[in-house]
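See below for the structure under consideration.
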Amino acid sequence: MTEPKNPALEKMLLDVPVRVDVVLGEARIPMEELLALSPGEIVALERHTNEPVDIYVSGRLVARGKLVVSDGQLGVTLSEIIDFTIDQAWETYSAAEHDRWDRLFRRQKEITKGRASQAALDAMHQLELSPSGIPHMGRLSDKLEQITGWRVVPVAELVPDEVFFDHLANRRFPAGAFIRPEEEFDYLQEPDIFHDIFGHVPMLANPVFADFMEAYGKGGQRAMRLGQLHNLARLYWYTVEFGLIQEEDGLRIYGAGILSSPQETVFALEDASPNRVGFDLKRLMRTKYIIDDFQQTYFVIPSFEALLETCYKDFGDVYAEVKGLPDYEAHELAPGDDVITRGTLEYFKAGGRKGR
């Protein structure tokens, strides 16, 4: 899920029609028989009457369903959303890729000392994450499932929103199975296996955060029906990806986008540039974000219990309150903010990543 840069553009994109094809089945017959067909003859398809039909959107298989007739019109009811999971094929990783994981792991494990939340550090130890090659998702899932009931499922790329929410709602986290190339060792915009396993999986071993992620998945399914996905996406971005938590010893990191980035691990806590403000759901849902640089504002939760309690409420009223209200830019402070650190924004004024 990415932040729309222009609400008008977002609406225009959502109004773009897409082609939906329902494939009843297929048949393979010799050309001679095809040419000999005449009206009234039956062509047997390679599909039984009780089998679901395939549903494609713009040429991509997204679901399966059953044919129905309503008011004389043929239609289809969805019975299965394609989950886009693949075989991790762990044995196909090269020695160089395993070595790349080890170097990424050792560097980030050292940098996150004293900066990562205690929950993340405890979970890394509990799951036995270590610099010993790319983790096998099946074996890692067996450990994780015993703790919180979650599993990690391999995917080839970012999955559609409805598929992503279905996975989360059923305690499955879709993780990229590829590892970044050597030339993108320090920065990769799309999530790879290091981002997903080192950044996301430890927090799934925390029982309270695990419940929050399941609730988020179920909330995402409803947000799509209500047309409020852009608001809910901001909750994920500013918590699951780039969240900070207030602990006894100070601010700590729990967001995966920070935990897996050596530069942002330091920037998020120690640089004077960004704003750091107390978590406020409605304010957060009105705040834009940037996807290709450090964050200009970080939201700080008081506890994972407070975050879970926020997500367990009915968002219908929240959506109604924020709908139609103007958005805040990523760098803006808002009236009523609980300002923990007022940022100088110097890094961003200097051009950010591009200005380095």
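A short reminder: the numbers here are calculations on the coordinates, not readings from a lab. Predicted, not measured: the structure shown is a model, and the values here were computed from it. All Cβ positions, even for glycine, are placed from backbone atoms using ideal geometry, and neighbour counts span all protein chains on display.
Would you work out if the stretch 143-285 is rounded, prolate or oblate? Take a ≥ b ≥ c from the square roots of the eigenvalues of the alpha-carbon gyration tensor; rounded if a/c is under 1.5, else prolate when a/b is larger than b/c, oblate otherwise. Note, shape of the stretch 143-285 comes out rounded. Charge dipole of the chain (Cα centre as origin; +1 on each Lys and Arg Cβ, -1 on each Asp and Glu Cβ, all else neutral): 680 debye, rounded to the nearest 20. Shape class for the stretch 105-212, computed from the alpha carbon gyration tensor (a ≥ b ≥ c): oblate, with a/c not under 1.5 and a/b at or below b/c. Residues Ile42, Ile29, Ile290, ranked from the fewest to the most other C-beta atoms within 10 Å, line up as Ile42, Ile29, Ile290. Counting beta carbons within 10 Å around each of Lys349, Lys66 and listing the fewest first gives the order Lys349, Lys66.
Comparing Glu157, Glu128, Glu33 in a Gaussian network model of the chain (Cα springs below 10 Å), the most mobile by mean-square fluctuation is Glu33. Considering only Leu129, Leu34, Leu281, the mean-square fluctuation computed in a Gaussian network model of the chain, springs between alpha carbons under 10 angstrom, is largest for Leu34.
Take every Cα pair under 8 Å whose residues are at least 6 apart in sequence, average their separation, divide by the length of the stretch 233-282, and the relative contact order is 24 percent.
Shown is the FRET efficiency for Ala306 and Lys113, computed with R0 = 30 Å from the Cβ-Cβ distance and rounded to the nearest 0.05: 0.70. Structure note, pairs Lys288/Lys323; Lys218/Lys313; Lys282/Lys313; Lys282/Lys323: Cα-Cα distances above 19 angstrom do not occur. If a spin label sat at a point 7 angstrom from the Cα of Gln221 along the line to its beta carbon, the backbone N atoms of the stretch 315-352 nearer than 18 Å would be those of 315-316. Here the stretch 155-189 is scanned for amide nitrogen atoms under 19 Å from the site 7 Å beyond the Cα of Asp271 along Cα-to-Cβ, giving 185-189. A crude spin-label estimate for the pair Ile291 and Met31, with each label 7 Å from Cα along the Cβ direction, gives 4.7 nm. Cross-link candidates for Lys113: which aspartates and glutamates have Cα within less than 12 Å, leaving aside residues fewer than 8 places away along the same chain? Straight-distance partners of Lys113: Asp122.
Under 12 Å from a label point set 7 Å out along the Cα-to-Cβ vector of Arg139, the amide N atoms of the stretch 74-96 belong to 90-91. Modelled spin labels at Asp280 and Glu183, positioned 7 Å past Cα toward Cβ, are 4.5 nm from each other. Here the spin labels are modelled as points 7 Å beyond Cα on the Cα-Cβ line, and at Glu157 and Ser94 they lie 2.2 nm apart.
Cβ-Cβ distance of Glu128 and Ala334, R₀ of 56 Å, FRET efficiency by 1/(1 + (r/R0)^6): the value works out to about 0.85.
Given contacts defined as C-alpha pairs under 8 Å and at least six residues apart, what's the relative contact order of the chain, whole-number percent? Over the chain, the number comes to 14 percent.
Mean-square fluctuations from a GNM of the chain, with a 10 angstrom spring cutoff on Cα atoms, peak among Arg151, Arg106, Arg115 at Arg106.
Taking semi-axes √(5λ) of the Cα gyration tensor in Å as the quantity of interest, determine which of (i) 45, 19, 18; (ii) 35, 21, 20; (iii) 41, 26, 19 was computed from the displayed structure. Comparing each candidate, only (iii) matches the computed number.
The charge dipole of the stretch 234-356, taken about its Cα centre with unit charges on the Cβ atoms of Lys, Arg (+1), Asp and Glu (-1) only, comes to about 480 debye. In the stretch 141-229, taking the dipole from charged Cβ atoms about the Cα centre, the farthest positive-side position among Ala210, Val155, Ile197 is held by Ala210.
Summarising the strand pairing of the chain, around 65 percent of its internal DSSP beta bridges are antiparallel.
Its DSSP H runs of at least 4 residues, each contributing -39,500 (n - 2.57), put the calculated 222 nm mean residue ellipticity of the chain at -10500 deg cm²/dmol, to the nearest 500. Sorting His331, His98 by the number of Cβ atoms found within 10 Å of their own Cβ, with the fewest placed first, yields His98, His331.
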